Amino acid sequence: MIRQDGNPNARHYLLLAHGSGAGMDHPFMATLAEAVAGEDLCVIRYEFPYMQTIRATQKRRPPDRMPRLLEALDEWVARYRQPGRVLVLGGKSLGGRVSAQWALENPVDAVVALGYPFHPVGKPDRWRLEPVQQARVPMLILQGERDPFGNRQELSEVTLSPTVQLNYLTDGDHGLKPRKASGVTEAENLSRAAQACRQFILTLEA
């Protein structure tokens, strides 16, 4: 089961994975997918096997380990890869991390990460930097300035691959939501993120 937004005959495709705790129908996922998609860009939302089990049983469970997540992504890429198609992998938090990890060892045109989990919450000494420091394909990271998985101040000390573009959303948390006092709304941050995704993806060539 998938969710498709945009034109299935478009040349540019984004395979968009969810975060660890909420599936493809979460409002964040739906809002971003609908805003990114268009006649020129098709967005496919999909779920990892553990999230499919949660959907079927209505019982919480932790994410699968990385090898199983990468194996599942193998199947989704095989389903949507076509000659001449620009295929981009992306996702929210865990989904972005899996996409970036997959791209280290496999060919894909680019990666988009929405709130990349640079480290576990409260554990800034446990960095998850390999996928973003060794990235070989273009990668766009859209990060809230105060994301507890890696905020702007912490990341100012981190060196990323030259293929990685790190953009910050004003006062955003892990879901890119700002505080009221920031003068920016959640809708504005999500709109900015979607527009950045579109511009990034549509400049790519197969």
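Return the residue satisfying two criteria in turn: it lies in segment 85-113 and is of a type in the set (Lys, Arg) and not in a loop (DSSP other than H, G, I, E, B), and of such residues it is surrounded by the fewest Cβ atoms within 10 Å (Cβ to Cβ).
Applying the first criterion (of a type in the set (Lys, Arg)) to segment 85-113 yields 85, 92, 97.
Within this subset, residues satisfying the condition of being not in a loop (DSSP other than H, G, I, E, B) are 92, 97.
Working: 92: 28, 97: 26.
Looking at the filtered set, the residue picked out is 97.
Going residue by residue through segment 116-133, is there one that turns out to be modelled with pLDDT of 95 or more, of a type in the set (S, T, N, Q) and either in a loop (DSSP other than H, G, I, E, B) or more than 26 Å from residue 148 (Cα to Cα) (or both)?
no
In segment 33-58, which residues are hydroxyl-bearing (Ser, Thr, Tyr) and either in a helix (DSSP H, G or I) or at pLDDT below 95 (or both)?
We begin by selecting, within segment 33-58, every residue hydroxyl-bearing (Ser, Thr, Tyr); these are 46, 50, 53, 57.
Matches in segment 33-58: 50, 53, 57.
Of the numbered conditions (1) more than 17 Å from the chain's Cα centre (by Cα); (2) farther than 26 Å from residue 45 by Cα, residue 105 fails exactly one; give the number of that condition.
(2)
Could you go through segment 188-198 and let me know if any residue there is of a type outside the set (A, V, I, L, M, F, W, C), in contact with a helix residue (DSSP H, G or I) (Cβ under 7 Å, 6 or more places away or on another chain) and farther than 19 Å from residue 109 by Cα.
As a first pass, look at segment 188-198 and keep what is of a type outside the set (A, V, I, L, M, F, W, C): 188-189, 191-192, 195, 198.
Filter again for in contact with a helix residue (DSSP H, G or I) (Cβ under 7 Å, 6 or more places away or on another chain), leaving 191, 198.
Then keep just the ones that are farther than 19 Å from residue 109 by Cα; that gives 191.
Yes, segment 188-198 contains a residue that is of a type outside the set (A, V, I, L, M, F, W, C), in contact with a helix residue (DSSP H, G or I) (Cβ under 7 Å, 6 or more places away or on another chain) and farther than 19 Å from residue 109 by Cα.
Here is a check on your reading of the model: is residue 70 out of contact with any strand residue (DSSP E or B) (no Cβ under 9 Å at 6 or more places or on another chain), at pLDDT 95 or above and either part of a helix (DSSP H, G or I) or of a type in the set (A, V, I, L, M, F, W, C) (or both)? Can you show your working first?
Details: out of contact with any strand residue (DSSP E or B) (no Cβ under 9 Å at 6 or more places or on another chain): yes; at pLDDT 95 or above: yes; either part of a helix (DSSP H, G or I) or of a type in the set (A, V, I, L, M, F, W, C) (or both): yes.
For residue 70, the condition - out of contact with any strand residue (DSSP E or B) (no Cβ under 9 Å at 6 or more places or on another chain), at pLDDT 95 or above and either part of a helix (DSSP H, G or I) or of a type in the set (A, V, I, L, M, F, W, C) (or both) - is met.
Write out, first by first residue and then by second, each pair whose Cβ atoms fall under 7 Å of each other, whose residues are 6+ apart or on separate chains, and whose first residue, in segment 114-129, is on the phi > 0 side of the Ramachandran plot and surrounded by 15 or more Cβ atoms within 10 Å (Cβ to Cβ) while the second is among the basic types (Lys, Arg) and part of a strand (DSSP E or B).
115/92
A quick yes/no check of all residues on (1) buried (at least 17 other Cβ atoms within 10 Å of the Cβ); (2) modelled with pLDDT of 95 or more; (3) among the basic types (Lys, Arg); (4) under 13 Å from the mean Cα position of the chain (by Cα):
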site: 136; (1), (2), (3), (4): no, yes, yes, no
site: 142; (1), (2), (3), (4): yes, yes, no, yes
site: 173; (1), (2), (3), (4): yes, yes, no, no
site: 197; (1), (2), (3), (4): yes, yes, no, yes
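Any residue in segment 45-68 that is buried (at least 17 other Cβ atoms within 10 Å of the Cβ), touching a residue at least 40 places away in the same chain (Cβ under 8 Å) and either touching a Cys at 6+ places or on another chain (Cβ under 9 Å) or of a type in the set (Asp, Glu) (or both)?
yes
Can you name every residue in segment 168-185 that is farther than 21 Å from residue 94 by Cα and not in a loop (DSSP other than H, G, I, E, B)?
Within segment 168-185, 180, 181, 182 meet the criteria.
The values are calculated or read from the model by the stated rules, or taken from the named source; none is laboratory data. A quick note: this is a predicted structure, and the numbers were derived from the prediction, not measured. Heads up, the Cβs are rebuilt from the backbone with ideal geometry, glycines too, and the neighbour counts pull from every protein chain shown.
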